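Q: I'd like to ask you about the structure that follows.
The values are calculated or read from the model by the stated rules, or taken from the named source; none is laboratory data. Quick caveat, the model's predicted, so the values are computed rather than measured. FYI the Cβ positions are ideal-geometry reconstructions off the backbone, even for glycines, and counts take in every protein chain you see. Side chains included, ligands, DNA and RNA excluded: accessible areas come from the protein's heavy atoms. Shrake-Rupley method; radii C 1.70, N 1.55, O 1.52, S 1.80 Å.
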Amino acid sequence: MPKILISACLLGRPVRYDGKGKPLVHPAIDRWKAEGRLVAFCPEQAGGLSTPRPPAEIEGGASGEDVIEGRARVIEKTGRDVTKAFVEGGRKAVDFARANGCAYALLIDGSPSCGSGFIYDGSFSGVRHPGLGVTAALLRQAGIAVFSDREIEALVARIAEGME
Ligand code: SF4
């Protein structure tokens, strides 16, 4: 039974930059929990960042792939460069997903780590653009099927299709 790597904040764990969680309420979450399918992970904490922490964005309207390739940095609102922590946390997420048999990942959208539908543009002014965060990009490169929290129905359908 393939497991699902899930952003720890989606299970309500208080790991976000603001020290809070952001629980996703959906019957599938309860079912997957009962089935032991969910594997929670927070890449930013795994990369060594503390909680709470200043918000961070990928600079210059770039994406997670650009960060992995060394073409862009992740910057906190304070100006601190946290690129290394984000890449390290993303790599640890891939290792953790593999070690736990995760074929899927369900990640919260908008985060510079976990975003997969949109991320923010680095101006800290609320401007979004389509793109992947660093962890979402690394997981996709590793062949793990990434779904955002807004795509949970699609993940339910994918799992039902495979009867897994
Ligand atoms: S890195 Fe991902 S799991 Fe951790 S707080 Fe941010 S969105 Fe949630």
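Q: Name the long-range amide H neighbours of CYS102: under 5 Å, sequence gap of 5 or more, or other chain; modelled H, no Pro or chain starts.
A: For CYS102, whose amide H was placed from the backbone, the distant partners under 5 Å are LYS3.
Q: Within the range 22-40, list the residues whose amide N lies under 11 Å from a label point set 7 Å along Cα→Cβ of PHE96.
A: Output list for this probe position: 39-40.
Q: Here's another thing I want to ask about it. Under 10 Å, Cα contacts only: if you run a Gaussian network model on the chain, which one of GLY61, GLY89, GLY79 comes out with the highest mean-square fluctuation?
A: It is GLY79.
Q: Let me ask something else about it. Ordered by residue, what ³J(HN,Hα) values in Hz, to whole numbers, does the range 141-150 give under the Karplus form 6.51 cos²θ - 1.76 cosθ + 1.60, where θ = phi - 60° and Gly and Pro are x?
A: Rounded to whole hertz, the list is 4, 7, x, 8, 6, 9, 10, 7, 4, 6.
Q: Now for a different question. Under 18 Å from a point placed 7 Å out from the Cα of MET1 along the Cα-to-Cβ direction: which residues of the range 140-164 have their backbone N that close?
A: Answer for this model: 155-164.
Q: Can you give the calculated 222 nm mean residue ellipticity of the chain, where each DSSP H run of n ≥ 4 adds -39,500 (n - 2.57) and the sum is split over every residue, rounded to the nearest 500 deg cm²/dmol?
A: Mean residue ellipticity, 222 nm, calculated: -9500 deg cm²/dmol.
Q: Which one of ALA34, ALA145, ALA56 has the biggest mean-square fluctuation once the chain is modelled by GNM with Cα springs under 10 Å?
A: The residue that fluctuates most here is ALA34.
Q: May I pose another question? Please list, in order along the range 66-71, the HN-Hα scalar couplings obtained from phi with the Karplus expression 6.51 cos²θ - 1.76 cosθ + 1.60 (θ = phi - 60°), rounded to whole Hz, x for Gly and Pro.
A: Each residue's phi maps through the Karplus curve to give 4, 5, 4, 7, x, 9 Hz.
Q: Please state the relative contact order of the chain as a whole percent: Cα pairs under 8 Å, 6+ residues apart?
A: 23
Q: If DNA, RNA and ligands are ignored and the probe is 1.4 Å, what is the ranking of TYR120, TYR104 by accessible area, most exposed first?
A: TYR120, TYR104
Q: What residues qualify as long-range amide H neighbours of GLY47, i.e. H under 5 Å apart, gap of 5 or more or another chain, H built at 1.01 Å from N?
A: GLY89
Q: Relative to the longest principal axis of the chain, what angle (0 to 90°, nearest 10) does the C-alpha long axis of helix 83-99 take?
A: Long axis of 83-99 versus the principal axis of the chain: about 10 degrees.
Q: With the other protein chains left in place, how much accessible area per residue, in square angstrom, belongs to the chain at a 1.4 angstrom probe?
A: In whole numbers, the chain has 47 Å² accessible per residue.
Q: With a 1.4 Å probe and every protein chain kept in, tell me what percent of the accessible surface of the chain is carbon plus sulfur.
A: Summing carbon and sulfur atoms, their accessible area is 51 percent of the total for the chain.
Q: Separate question: Under 5 Å between amide H atoms, partner at least 5 residues away or on a different chain: which partners does PHE147 have, H built in plane at 1.01 Å?
A: ALA105, LEU106, LEU107
Q: Could you give each residue of the range 16-28 its phi-based ³J(HN,Hα) in whole Hz, using Karplus coefficients 6.51, -1.76, 1.60 with θ = phi - 60°, and x for Gly or Pro?
A: 6, 4, 8, x, 10, x, 9, x, 8, 9, 6, x, 5
Q: Roughly what % of DSSP beta bridges within the range 3-161 run antiparallel, to the nearest 5?
A: Bridges in the range 3-161 that DSSP calls antiparallel: roughly 35 percent.
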